[in-house]
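Dumping the structure here so I can ask a few things about it.
Values quoted throughout were computed directly from the atomic coordinates according to the rules given, and no laboratory measurement underlies them. None of the values given here were measured: they were computed from a predicted structure. In this analysis, Cβ positions are derived from the backbone assuming ideal geometry, glycine residues included, and neighbour counts consider all displayed protein chains.
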Amino acid sequence: MPGESEVSLNELLIEQLNVNMANISSIIEKEGQQLFGQSNLLSNEEITEYTLEFLELFVKLLQADSRIDRRRKEFKALREFFTNFSQQLQLRGGDLSEFVRYVQFLQRVFLENLQEDQRLTFQQSRELLLQLASVFNDITLDVFNVYLEEKERTITAQQEELRETSTPITEIWDGVLTLPIIGTLDSSRTMTVMEKLLARIEADRAKVVVMDVTGVTAIDSQISHHLIQMMRAIGLMGADAILTGIRPEIARAMTNLEIDLGGMITRSTLSEGLKEAFRRLGIHVSPARGDAGETR
Amino acid sequence: MDRLHVTPLGEAQILLEPGEALDPSDSDEDMAQLYAQLQDHGARRLICDLGGLPVVDPVYYGWLERLATLCGVAGMEMVVVNMRPAAAYALARQLDGPPAFACERSVERARRRPLEQPEEGAAGG
């Protein structure tokens, strides 16, 4: 008779908790101090608060129904408690494995406490084990998800930051933009760079864009295709595109791939590219009077 | 032609602003009328302002190519101006080679481009 046994299980758990609350609370607190207190992740007061809140929420969950229903608001509240708890620990540099060990320990405390109760039948023990396992497994899964989400958020933020810093578009002179490209140029990055670059051309009314690929160490047909697309888009915006810094190994790879840069302006170095940009703007750069060196 | 707004700019240069009503897939009649207008003005350069166009799709690019061919037949240079970033981006992805026309950032810059002389020694426009 599952209904009856479940009712009595919840009742048994509540009874055990009421009788041994002080003892259970103290065991949990002790474990918390060992796991989180020694590494200064939580203060003793915080550990006590978390322990009491957990026990209160757990009792509420047991009292809510004859069986633990995962859709009930009491269960959601318990999960939310652990989610916040684990987030707090993660923010303070806590380790996921420590927290999982803590959740497993909580489960063990209840089981060990009930072991001493002679009224429990084999069937009830089995059901109790399954019930507690299912509750704490859900909590462990939540904690894992929180941890993974946080990691994913960090990685996405780092990728975004890397993208921003790896494609700095600078107006080096009135109407002249420079864009050093470092690393690999995949479709997604090309899209981001192109969007930013074209918007800058429009906003700054740029006349020349110098794209420097000194930082590109390898090239394939897709990357070169993206480069050509970028140069065409710049041209369509009415600006001149100058490609600079093609390394010998890149030039060799382009030749092998039969990539034709005919019709596109290329210069060996960024410096040469800038000279070409100035020439196109009719700007003449010469050394200040008194400096040695010839006028360029 | 409300689909194609034509403004003579002087110095044998014509500004063309395609209107929203233009159907790039069915524009033969418009092209013929435009050709007649260009001839009437003795135009040497057609400046096509795409500032109002959000995106260039293959059909629209086909129309621009036909316009460039028409300019070639009339011995004119075609310059597209004011292309918006999204339009340039979309078009760059479609192109296999250089576009069939020149591009400039603004009408003023297109106007300042040196015009090719029709014959050696002739006065410039």
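If neighbour count is taken as other Cβ atoms inside 10 Å, put B:Tyr61, A:Tyr102, B:Tyr35 in order from fewest to most.
Ranked by crowding around the Cβ, least crowded first: B:Tyr35, B:Tyr61, A:Tyr102.
Would you mind giving the average projected area, over all directions, of the Cα convex hull of the stretch A:213-252 in nm² with one decimal?
2.8
Report, by chain and number, residues whose modeled amide H sits under 5 Å from the one on B:His5, excluding near sequence neighbours (fewer than 5 apart, same chain).
B:Glu17, B:Gly19
Between B:Asp40 and A:Lys275, how many nm apart are label points set 7 Å from Cα along the C-beta direction?
Distance between the two pseudo-spin positions: 5.2 nm.
For A:Lys207, list the lysines whose Cα falls under 29 Å from its own Cα; do not include residues on the same chain fewer than 8 positions away.
The qualifying lysines are A:Lys196, A:Lys275.
Counting only Cα atoms, I'd like the Rg/Rh figure for the protein assembly as shown, Kirkwood definition for Rh.
With Rg and the Kirkwood Rh in hand, the quotient comes to 1.29.
On a straight-distance basis, which lysines could pair with A:Lys60 in a cross-link, Cα separation under 20 angstrom, same-chain partners fewer than 8 positions away excluded?
Partners found: A:Lys73, A:Lys76.
Continuing with this model, one more query. Counting other beta carbons within 10 Å of each Cβ, put A:Val209, A:Val59, A:Val285 in order, fewest first.
In order of increasing Cβ crowding within 10 Å: A:Val285, A:Val59, A:Val209.
While we're looking at this one, here's another question. For the stretch B:4-112, give the magnitude of the charge dipole about the Cα centre (Cβ charges: +1 Lys/Arg, -1 Asp/Glu; no others), in debye to the nearest 20.
580
Also: Quickly work out the A:Lys73-to-A:Ile283 label distance, labels modelled 7 Å from Cα along the C-beta direction, and quote it in nm with one decimal.
My value for the distance between the label points is 6.6 nm.
Something else: For peptide B:86-98, what's the mean number of Cβ atoms from other chains within 10 Å of each residue's Cβ? It would help to have the intermediate numbers written out before the result.
Details: counts 3, 4, 12, 13, 2, 3, 12, 6, 2, 6, 2, 5, 6.
Taking all residues of B:86-98 together, the mean is 6.
Follow-up question, since we're still on this one. Which ³J(HN,Hα) values in Hz, rounded to whole numbers, follow from the phi angles of the stretch A:109-121 under the Karplus curve 6.51 cos²θ - 1.76 cosθ + 1.60, where θ = phi - 60° and Gly and Pro get x?
So the J values, rounded to whole Hz, are 4, 5, 5, 5, 5, 7, 4, 6, 7, 6, 6, 5, 7.
Here's a follow-up. Sort A:Leu91, B:Leu38 by Cβ crowding within 10 Å, fewest neighbours at the top.
A:Leu91, B:Leu38
A further question follows. Please quote Rg/Rh for the stretch A:148-296 to two decimal places, taking the Kirkwood radius as Rh and restricting both calculations to Cα atoms. Don't jump to the answer; show the numbers that get you there.
Numbers: Rg = 17.1 Å, Rh = 16.6 Å.
Result for the stretch A:148-296 is an Rg/Rh of 1.03.
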